[in-house]
Amino acid sequence: MGKDEESLAKEAMDDSEGARLEKLISELGPFGRYQFYVISLSCIGCFMPAMVVVAMTFLAYEPDHRCQIEACEPSLLNTSYSRTFLNFTTPYEASEERWSRCLRYEFQDIDSADRCQASNFGTLTEPCGPGHVFDDRLFKSSIITDFDLWCVSPFYRSLAGMSYMLGMLLG
């Protein structure tokens, strides 16, 4: 390879994209305080909206719950989720593999000393009356429990997240 060929090859290499990038990086200098500052400020703009989306996972948590049985609640201690109690007060939803959250067996007010017995409940179901009993071991409250959204359409539960995303879309 002659001297002219070497200089032509060097010029061709200098004009390539990689060579221009290397030249630009060498002119900018190493990663310093200013670059760190710019990247940090850029990341804040990305992380803040993401926190709202992640927070909905915890804010809209739907705890395990069942209908309140007015006749039985005062006498219950720690039996509110026991299998024997749920067998005669709450229907089992086989498709969901759990006890119903929004239905209960009809209470037949038979005058007896202990009103919370299997004989006082029929086989017909009814929607929950006023009140639910929540399993609050994980969270004491959420927007589902605070705004009574447990037995309504799932649309209402996702409305907050949907509104937020619509606002992000529209700017």
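How many residues does the stretch 128-148 hold that are free of Cβ contacts under 8 Å to residues at least 40 places away in the same chain and not acidic (Asp, Glu)?
Step one: of the stretch 128-148, the residues free of Cβ contacts under 8 Å to residues at least 40 places away in the same chain are 137, 140-141, 146-148.
Retained after the next criterion (residues that are not acidic (Asp, Glu)): 137, 140-141, 147.
Residues that pass the stated criteria total 4.
Out of (1) more than 15 Å from residue 63 (Cβ to Cβ); (2) within 25 Å of the chain's Cα centre (by Cα), the odd one out for residue 120 is which?
Single failed check for residue 120: (2).
Which residue is surrounded by the fewest Cβ atoms within 10 Å (Cβ to Cβ), if the candidates are limited to the stretch 101-119 and must be more than 18 Å from residue 66 (Cβ to Cβ), at pLDDT below 80 and not aliphatic (A, V, I, L, M)?
Of everything passing the filter in the stretch 101-119, 111 is surrounded by the fewest Cβ atoms within 10 Å (Cβ to Cβ).
Which one is nearest to residue 68 (Cα to Cα), of the residues in the stretch 120-171 that are aromatic (Phe, Trp, Tyr) and in a strand (DSSP E or B)?
Taking the stretch 120-171 first, the residues aromatic (Phe, Trp, Tyr) are 121, 134, 139, 147, 150, 155-156, 164.
Now drop any that are not in a strand (DSSP E or B), which leaves 121, 134.
Details: 121: 14, 134: 9 Å.
Among those that are aromatic (Phe, Trp, Tyr) and in a strand (DSSP E or B), it is 134.
Is it the case that the stretch 29-43 has a residue that's under 26 Å from the mean Cα position of the chain (by Cα), touching a residue at least 12 places away in the same chain (Cβ under 8 Å) and at negative phi? Reasoning before the result, please.
Of the stretch 29-43, the ones under 26 Å from the mean Cα position of the chain (by Cα) are 43.
Narrowing further to those that are touching a residue at least 12 places away in the same chain (Cβ under 8 Å): none.
Checked the stretch 29-43: no residue is under 26 Å from the mean Cα position of the chain (by Cα), touching a residue at least 12 places away in the same chain (Cβ under 8 Å) and at negative phi.
The values are calculated or read from the model by the stated rules, or taken from the named source; none is laboratory data. Note that the coordinates shown come from a computational prediction; the quantities given were computed from them, not determined experimentally. All Cβ positions, even for glycine, are placed from backbone atoms using ideal geometry, and neighbour counts span all protein chains on display.
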